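The values are calculated or read from the model by the stated rules, or taken from the named source; none is laboratory data. Quick caveat: nothing in here was measured; it's all calculated off a predicted structure. We place every Cβ from the backbone using ideal geometry, glycine too, and count neighbours over all the protein chains shown. All accessible areas refer to the heavy atoms of the entire protein, side chains included, with ligands and DNA or RNA removed. Shrake-Rupley method; radii C 1.70, N 1.55, O 1.52, S 1.80 Å.
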Amino acid sequence: TAVENSNHNFELKGIGFRALQSDAFKALTADATFDLILATPPYLDGPIENPLDYAVHGTTHFLQEFLSGARAHLNASGKVLITYAEWGLLSQFEDLLAANKWSSKIIDSRASADGARVYRLYELS
């Protein structure tokens, strides 16, 4: 799985990270906190017919769960970094940030290899 692969690579490179698989924060205990929380949510909404659909569809569900729960799992000096695509439901993403009282700063932006799609990296506070 992606989580196993990430943890294997962290170990090989001597990086003190551990990837966890969870539906937002549901797999965590209430007192679990982190210095860094990373997320790459799905960018669109649509029907979920098989597990691979979650890679693209389900942005509203994921973002509502993630944005409403992230602060409770963030250390005082911690950071939340989240990617979002300009071609995704960007205005909905920004509305959900505001509704959950997050301010955001775009810290990087990159185009796909063909230049057709742009992805942003946000730092939330």
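Using a probe of 1.4 angstrom and keeping all protein chains present, the accessible surface of the chain works out to 64 square angstrom per residue.
For a distance above 18 Å, tell me the whole-number percent of Cα pairs in the range 13-125 that qualify. So the portion of pairs separated by more than 18 Å is 53 percent. Considering only 54, 33, 82, and ranking their Cα positions along the charge dipole of the chain that arises from unit charges at the beta-carbon of Lys, Arg, Asp and Glu, the one farthest toward the positive end is 33.
Counting every alpha-carbon pair across the range 18-66, the share separated by more than 18 Å comes to 35%. Charge tally for residue 62 (other residues, Cβ to Cβ under 14 Å; Lys, Arg +1; Asp, Glu -1): -3. Each helix, a run of at least 4 DSSP H residues, gives -39500 (n - 2.57); summed and divided by the residues of the chain, these come to -8000 deg cm²/dmol at 222 nm. Between 29, 83, 40, find the one with the highest GNM mean-square fluctuation for the chain; connect C-alpha pairs within less than 10 Å. Checking each option, the largest mean-square fluctuation is seen for 29.
Please report how many Lys pairs in the chain have alpha carbons closer than 22 angstrom, counting only residues at least 8 apart along the chain or sitting on separate chains. Qualifying lysine pairs in the chain: 4.
Taking Lys and Arg as +1 and Asp and Glu as -1, the other residues whose beta-carbon sits under 13 Å from that of residue 107 total +2.
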